[in-house]
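Take a look at the structure set out below.
The values are calculated or read from the model by the stated rules, or taken from the named source; none is laboratory data. Keep in mind it's a predicted model, so treat the numbers as computed, not measured. FYI the Cβ positions are ideal-geometry reconstructions off the backbone, even for glycines, and counts take in every protein chain you see. Each accessible area value is taken on the protein alone, full model and side chains, heavy atoms only, with ligands, DNA and RNA left out. Shrake-Rupley method; radii C 1.70, N 1.55, O 1.52, S 1.80 Å.
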Amino acid sequence: MTTPHGSVHDHDANAASERWVRVQAAFHTALALPADARAASVAQAASGDEAFEATVLAMLAEDVSGDTLLDRGLARAAGAMLPMEGTDDTGAPSRIGPWRLGRRLGEGGMAVVYLAEREDLGNRAAVKLLHHGWMSPARRRLFVTEQRTLARLNHPHVAHLHDAGALPDGTPWIAMEYVDGAALTTYVKQHALPLRARLRLFRDVCEAVQHAHGHLVIHRDLKPSNILVSAAGEVKLLDFGIAKQLEADDDAGVQTRTGLRLLTPAYAAPEQLRAEACGLHTDVYALGVILHELLSGALPFALQGVDGTPEARAAGHVTPDRPSAAARGSADAVAATAAEWQDLDVLCAKAMQHDPGRRYRTVDALLRDIDHFLRNEPLEARPDSMRYRLGKFARRHRAALLGTAVAASLLIGVSALYAMRMRDARQQTLAEAERAQEIQRFTLSLFEGGESSSEPGDSLRAVSLVERGVVEAATLAATPVVQAELFQTLGGIFQKLGKLDRADTLLQRALIQRRALATNHPDVARSLVALGLLRVEQARLPEAEQLVREGLALSRTVRTAGHLDIAVATTALGRVLEERAAYSDAITVTREALRLHTALAPISPSVAAAATQLGNQYFYAGDYAGADSLFRRSRAVASALYGERHPLVADALINIGAVHYQRAEYAQAERYDRKGLAIIRRVYGANDPRTASALTMLGRALVAETRMAEAEPLVQEALAIRERVYGAVSPKVASTVNELGIMALRDKDYAAADAYFARNVNIYRTVYGGPHNLLATALANRGSVFAARGDHVGAERLYREALDVFGRTLPPTHLDIGIARAKLGRVLLRQGRYAAAERESAAGLTILLAQTSPATSWVRNARSDLAQMYQALGDAGRADAMRRAMADTVARH
């Protein structure tokens, strides 16, 4: 129950929030203007509210005072007061790099743009110079971000970068392609362009934005003044000044000192007005506003007066005007039929949904509907009624339908001939559509509840729900194609729930049934791949590889090149090869899978998953920089699609944490692991195998930080889940057992530690049946137990066995090999075999220094051991050098 005090508090909070949105909008509007015009803009927005006006003016003053003259030193202060040699009366230099500046093209709150020419080459450019940039570090960062962004983009509809640099005082500049043209909306008005010509220009804009998104760049300030059209009708997208690169960990580099993002309120999405996270959907919203203006000649909230203010839009209190309604009072509106306006209203409404999840997911989806409209085809964004489809068909064939009966007969005859030729393809398409509808009805029926006597808590539990689905699917014997599809779908769900035996039964039933229907069919290929991936979970790797290879070969036979099924099967083969420790082959295969998925849709869950898988393989192969880059790409794609609280984002966070762990950056590893675990627990609950994996990774980081009391309950919880799901003999179980062994070793419980590591050795030998780097790790860890007990001969035997396995599975410069060689050197030192010890420890140290920080315990131990070895060998100079290196590292870290 809400108390009266709670209600008042909520009302006050909402009022404060709406006021803050108004302050933000006024701030950004003024910020985009020249300095001498800002006060008047703020006064107009304040409408007599003195406190409001004072707040915005203070924010503007703070924005430009981020770095004062005194902070910059005397030389910089003098430079600000005295004109530079070779400058005009406005303070701008007459030359910048190889460019001679001409007339000023424009000026905003952040930069001034000049027309410039290279005398040596004779070409022209638009040179953008940061306006008083040295006074605001935030703006300087924005400007440098724009330089980097433009350097990444190469598209015919994006103004490309010619050159970039900085003035002697550090002020950055950009030389961009000069576009002699008009703003998009101005151009269409001046030329009175008809509907389809406007849409073709808009298509060009969308393609430019899609290109940026494909390079993980969000523009965030799309508006007509940033889109120029040349006299020849060529579109150019400009001004990436506040673009966001999705690989970045945060937005610190693209915010003002006030913490607010720069934007243009009229075109900003609601989440921008609320200062929330931006994604691809943010640019989709702005494109919807631009399309609305191109069609109606007015902005989407022009008819709503005060109700269309930024604060009302941010709160979702208003919906955009329909373009058809706005066009009635606009002299600049395009001419369109009533039926065309219906579709155009749908297009704009879909792009400008208040909820980002209800907008077009990507710019590509918006482009598809623009193309559907231009071809008089049904839109994906509107209800697909028979009447609507028939209307679209009639408009596509208007000339024939308005002709004579002979023409109509001819049309029917042509249609019949076409239908005969396409009969097989059409029947297959209809069958797939019918199957999809049946599955949709089936899935919905599962959520309608069982008998009235069933207890809700039981009937809605996931496992109970899926078990009921199996019973329902068994009744569909009359439609074997649909039944097989359901068996595979339900098997996949059981697999995700950790019920591997039930998954096995259902996936095998699907495969048998599909093979009985047709041996060379895409569905058979999909079943083979799905069953192969289950075999990976069951640690039956030879069978997994056989099934996946068979499925991939069949997909390549029955599908066209580049089909999604081929990409999925290729990804699966990469996964199997990774599990078999064939990392070089796995990287080659998964790199191809990532290429295929990217070609199909550059921003998609498949790309995020493939990037993660390839990152894992780089990680296991010892390329931590490559792995980190791929994990961050995966996080960026997943965040753009789903926001920051999705399991794909969690996977990426934990993987980034693993890279930090491998670099001995344990605090950072813990931070990423905790973020990932919080997301996974919220989504999957406490008893899911994915939760167990995240618990293991966090426990590993805590063990490395010697926080055993915190780590042990997490690791024990993870072990219980994994043993329940995977059984006692599984690499996933061994991964968690390893952490228990490390904890026991550090507690000097050598018997328990040896038992844990011996168990892992047995698991890996049973599962892999041959050399595997995880087997080598378990052997080396068991060697550490022997060394700790003083059995240096036994430890030497285990370390040498581990190095033999490592040598057959990993590159010679891998970090794990460096650690093992350093450990072998130490037990040889304890045996007094100094020359042999020096060879191993020196080789191990070389690898360690190339792969990790000099401050790690591995490096410190190796240097300490080498100092003792050199001393024993009579080489006092090298012994002293090792001690100095150790002291220097301690001093610097």
_Accessible area in square angstrom per residue, region 760-893, 1.4 angstrom probe_ = 44
*Straight-line reach from Lys732: which lysines have a Cα under 29 Å away, not including same-chain ones fewer than 8 places off?*
Lys496, Lys499, Lys675, Lys748, Lys823
_region 490-542, accessible surface, carbon-and-sulfur percent (1.4 angstrom probe)_ = 54
*With all protein chains present, how much of the accessible area of region 700-776 (probe radius 1.4 Å) comes from carbon and sulfur, to the nearest whole percent?*
52
_Spelling out what I want: for every residue of region 643-651, take phi, set θ = phi - 60°, compute 6.51 cos²θ - 1.76 cosθ + 1.60 (Karplus), and round to whole Hz; glycine and proline get x._
x, 8, 10, 9, x, 4, 5, 4, 4
*Residue-count net charge about Ile763 - beta-carbon cut-off 12 Å; Lys, Arg +1, Asp, Glu -1*: +3
*With viscosity set to 1.306 mPa s and temperature to 10 °C, compute the Stokes-Einstein D of region 801-883, Rh being the Kirkwood radius across alpha carbon pairs; µm²/s, no decimals.*
126
*Heads up, I need the accessible area for Lys732: 1.4 angstrom probe, whole protein in place, Å², nearest 10.*
60
*Assign one of three labels to region 261-373, namely rounded, prolate or oblate, based on the Cα gyration tensor with a ≥ b ≥ c the square roots of its eigenvalues; rounded applies when a/c is under 1.5, prolate when it is not and a/b is larger than b/c, and oblate otherwise.*
oblate
*For region 154-163, just list the computed ³J(HN,Hα) in residue order, Karplus coefficients 6.51, -1.76 and 1.60, θ = phi - 60°, integers in Hz, with x standing in for Gly and Pro.*
9, 8, x, 10, 10, 4, 8, 8, 8, 6
*Of the heavy-atom accessible surface of region 296-376 (probe 1.4 angstrom), what whole percent is carbon and sulfur?*
50
*Nonlocal amide H pairs with Asp163, under 5 Å, H built at 1.01 Å*: Ala175
*asked:* Output wanted: per-residue J couplings in Hz (rounded whole) for region 679-685, from phi through Karplus 6.51 cos²θ - 1.76 cosθ + 1.60, θ = phi - 60°, x for Gly and Pro.
replied: 5, 5, 5, 5, 7, 9, x
*Would you mind working out the magnitude of the charge dipole of region 765-893 relative to its Cα centre, with +1 at each Lys and Arg C-beta and -1 at each Asp and Glu C-beta, to the nearest 20 Debye?*
160
*For region 468-619, what is the accessible area per residue in Å² when the probe is 1.4 Å?*
40
